[in-house]
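Take a look at the structure set out below.
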Amino acid sequence: MTLRTTTPPDATQGRRTEEPRLTHRRASLIQAAFLVLIAAVALIPLLAIFLGTFQDGNVIIRNGISFSVDFSELSLDNYVMLFTDSGLYFRWFWNSLIITIVQVVGTLLVSSFVAYGFAMYEFKGKRLGFILVLILMTVPFEMLMLPLYVQVNNFGAADQYWIVVLPFLAQAVTIFFFRQYFLGVPKEVLEAGRVDGVTEFGIFFRLVVPIAKPAFAAMAILNGMITWNNFLWPLLVLRSPEKFVLPIGLNTLLTPHGNNYELLIIGAFFSLIPILILFLAFQRFFIDGMTAGAVKG
Amino acid sequence: MKKVLYSQRLAPYFFILPFVLTLLVFWLVPVGRSVVMSFQEVLYGQTTFIGTANYERLGRDPIFWKAVYNSMRYMLLTLLLLIPIPMVLAAIVNSKLGSSRLKNIFKASLFVPALTSVVVAGIVFRLMFSETPSGLMNEVVGFFGFGPVRWLREDLTGLVALLALAVWRWAGVNMMYFLAGMQAIPHDYYEAASLDGASKVQQFFHVTLPNLKPTMVYVTTISVYGGLAMFLESFMLYAGNNSPNNQGLTIVGYLYRKGIQENDLGFASAVGVVLLVLILAINLTQLTATGTFKKESVR
């Protein structure tokens with residue numbers, strides 16, 4: 001299940017030395033230059049927005065974002081504004097944080113619970129159930145947008161946080177990932193638990209969950225990122241500005257006749273920071289989590 | 001009660017219960033209602049059965065067909081970009097040449113864009129593709145001696161901006177998929193090919209490519225869905241659901257416009273049903289083709 005992200009050991013070391021040394025060296029130089037160039041291009045949009053946080057937002061909206069800036073005009077005004085402004089930005093940041101934490105804890109608990117059922121037992125309807133998991137895993141949420149929106153309005157559940165979180169507790173990709181992981185857990189663990197008189201649910205919570213820590217880490221990261229960035233469903237559900245999550249709040253700042261473009265740029269940049277910090281700290285779990293669907297059982 | 005907690009026969013149903021409930025409450029019931037609504041006219045809570053009138057209206061609606069065309073075009077082009085490019089990048093990273101330190105930095109740099117929300121990415125790309133001469137992309141084309149381009153105002157250049165956004169966000173993730181696929185290919189295969197005198201390029205086409213088939217199927221599948229369901233990228237890039245001549249309007253965008261912005265629920269449900277049928281047809285074809293319905297893969 002774990003993806004190897006390091007370069008595999010060089011098995012043909014012996015043969016390579018027979019090749020002319022210089023060609024090899026030149027080839028690796030060309031490769032290095034190419035990799036650096038592509039990496040730089042990939043990072044340009046992020047550098048551009050970082051530079052934008054020191055510029056006048058109205059100018060950026062009018063002239064676009066670029067690197068040809070008058071460096072004498074850069075200032076920390078936006079940062080001062082962000083931290084002294086009485087606006088809703090940090091309210092949205094806080095809302096996003098709370099929803100993300102609740103969603104991650106809930107999804108991990110519920111989805112691993114479901115996955116355990118699929119991984120460890122034989123029962124009627126299992127095949128159909130799991131095929132439905134596979135279908136839900138690939139069908140985009142956009143398909144569901146309108147029916148769910150109508151449903152939420154009919155139930156009078158609009159503008160409430162629980163409805164933002166609830167549809168994603170039993171989340172297909174997470175169920176799939178945990179199921180793959182649990183399939184690798186030796187059945188002896190379960191048998192030992194049963195002999196000791198532990199209930200079926202006790203076996204899951206007390207014996208299996210503790211040995212599945214890497215899977216929980218990868219899925220915490222994946223779901224945390226999805227929730228932090230989630231835009232469409234909160235956009236359909238949440239109505240009052242003080243309840244907005246960050247992506248919706250930022251989007252409202254992008255109106256053509258807005259008057260708060262400074263906040264738009266610096267706010268967008270600050271919304272990236274929690275994820276970037278986590279990525280630098282737990283890069284491996286990010287890659288494991290985000291490429292979770294690819295390794296089919 | 002005690003019996004239930006220890007029953008290996010009943011336990012699995014408790015375990016999968018949350019999934020079954022989610023499926024019922026958030027999928028089957030709403031989708032079922034939506035199918036019913038697509039045969040109705042829904043006005044201020046008053047519903048009238050109008051047969052297939054919504055679907056007939058849909059068939060005659062040029063804006064719907066424009067949206068279908070836009071979604072299909074976007075989907076096909078993202079397939080053409082987001083499979084070969086990440087695959088070549090993965091092959092370069094997977095080669096024995098070069099420093100692994102640099103390669104790790106490279107992988108991280110390409111992965112970072114996938115961490116951005118569509119909102120932040122959309123804001124940045126909208127500002128980069130500004131039509132003023134001082135926008136970043138206009139500076140780039142200006143460097144090559146071309147005049148300022150009215151990026152988001154024209155159909156083709158607007159499409160370029162959308163595709164650039166897609167490639168920027170997903171090339172790194174797809175590269176990781178391919179890299180994982182390549183690293184799962186046994187080394188002996190290359191040894192054997194090399195003994196037979198195959199060059200590196202021949203090895204790529206005759207060893208790497210055939211063995212990457214499962215990865216390719218997976219990446220193609222998610223790209224097809226992602227492409228057909230694209231909406232938010234356009235929504236952010238054009239700062240709302242309206243673009244010049246509807247050049248950025250997609251099927252989901254049309255669904256959003258009719259259902260959520262104009263509250264024409266019956267008609268919008270018909271759009272949704274067409275899209276759902278399209279997606280499920282592709283889904284079932286793919287699951288059948290990859291043998292998921294066969295016994296051994298769903299243990």
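Each reported figure results from applying straightforward, stated rules to the coordinates on display, with no laboratory input. Small disclaimer: the values here were computed from a predicted structure and weren't measured. For neighbour counting, all protein chains shown are included, and Cβ atoms are generated from backbone atoms with ideal geometry for every residue, glycine included.
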Give the Debye-formula value of log10 I(q)/I(0) at each listed q (0.07, 0.08, 0.17 Å⁻¹), with one equal scatterer per alpha carbon of the stretch B:62-297, two decimals each.
-0.30, -0.39, -1.26
Relative to a virtual label point 7 Å from the Cα of B:Lys213 in the Cα→beta-carbon direction, which members of the stretch B:75-90 show backbone nitrogen distances below 12 Å?
none
Projected onto their principal axes, the Cα atoms of the stretch B:34-159 stretch, largest extent first, over whole-Å spans of 68, 39, 25
Could you derive backbone 3J(HN,Hα) for the stretch B:126-134 from the dihedral phi with the Karplus parameters 6.51, -1.76 and 1.60 (θ = phi - 60°), listing whole Hz in sequence and x where the residue is Gly or Pro?
4, 6, 5, 9, 5, 7, 6, x, 8
Using a Gaussian network model of chain A with C-alpha springs under 10 Å, which one of A:Ala215, A:Ala39, A:Ala158 is most mobile by mean-square fluctuation?
A:Ala39
After finding the eigenvalues of the alpha carbon gyration tensor for chain A, what semi-axes result from the square roots of 5 times each, listed largest first in whole Å?
40, 34, 16
Pick from A:Ser28, A:Ser66, A:Ser75: which residue has the top mean-square fluctuation in a GNM of chain A where Cα pairs under 10 Å get a spring?
A:Ser28
Tell me the Kirkwood radius of the stretch B:213-299: reciprocal of the mean inverse pair distance over distinct alpha-carbon atoms, in Å.
14.8 Å
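When the chain is fully extended, how far beyond the present Cα-Cα distance does A:Val189 get from A:Asp85, taking 0.36 nm per residue of separation?
Result for the pair: 31.9 nm of gain on full extension.
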For the stretch A:17-146, treating each Cα as an identical point scatterer without solvent, what Debye log10 I(q)/I(0) comes out at q = 0.14, 0.21 1/Å?
-0.94, -1.25
Among the listed pairs B:Lys96/B:Lys200; A:Lys126/B:Lys2; B:Lys103/B:Lys200, which are separated by more than 21 Å between their Cα atoms?
A:Lys126/B:Lys2
Calculated from backbone phi, Karplus (6.51, -1.76, 1.60) coupling profile of the stretch A:90-96 in Hz, x at Gly/Pro:
6, 4, 5, 4, 4, 4, 4
So, R0 is 25 Å and r is the distance between the beta-carbons of A:Arg239 and A:Val105; what FRET efficiency does that work out to, to 0.05?
0.45
Exposure proxy ranking, count of Cβ atoms within 10 Å, fewest first, for A:Phe182, B:Phe129, A:Phe54
A:Phe54, A:Phe182, B:Phe129
Ordered by fewest other Cβ atoms within 10 Å, a rough proxy for footprinting exposure, B:Phe111, A:Phe155 read A:Phe155, B:Phe111
Alpha-carbon spread of the stretch A:82-143, three principal axes, descending order, Å
60, 26, 11
Quote the FRET efficiency, to the nearest 0.05, computed for A:Lys213 versus B:Thr132 with a Förster distance R0 of 60 Å and r equal to the Cβ-Cβ distance.
0.70
For chain A, what does the helix formula give at 222 nm: sum of -39500 (n - 2.57) over DSSP H segments with n ≥ 4, over the residue count, nearest 500 deg cm²/dmol?
-20500 deg cm²/dmol
Using 7 Å Cα-to-Cβ label points, what is the B:Val4/A:Val41 separation (nm, one decimal)?
6.0 nm
What would the Debye equation give as log₁₀ I(q)/I(0) for the stretch A:133-238 at q = 0.16, 0.17, 0.18 Å⁻¹, counting only Cα atoms as equal point scatterers?
-0.83, -0.89, -0.94
Hey, could you pull the Cα Rg and Dmax for the protein assembly as shown, both in Å?
25.5, 82
For B:Gln40, list long-range residues whose amide hydrogen, built 1.01 Å from N in the peptide plane, is under 5 Å from its own amide hydrogen.
B:Ile50
Mean ellipticity per residue at 222 nm, deg cm²/dmol - from DSSP H runs of n ≥ 4 across chain B, formula -39500 (n - 2.57):
-20000 deg cm²/dmol
Find the Cα radius of gyration of the stretch A:20-83, compare it with 2.2 N^0.38 Å by division, and give the number to two decimals.
1.73
At a 10 Å Cβ-Cβ cut-off, how would you order B:Leu43, A:Leu166, fewest neighbours first?
B:Leu43, A:Leu166
Calculated from backbone phi, Karplus (6.51, -1.76, 1.60) coupling profile of the stretch B:165-181 in Hz, x at Gly/Pro
4, 5, 5, 4, 6, 10, 4, x, 5, 4, 4, 5, 4, 5, 4, 4, x
Please identify, among B:Ala192, B:Ala91, B:Ala281, the residue showing maximal mean-square fluctuation in a Gaussian network model of chain B using a 10 angstrom Cα cutoff.
B:Ala192
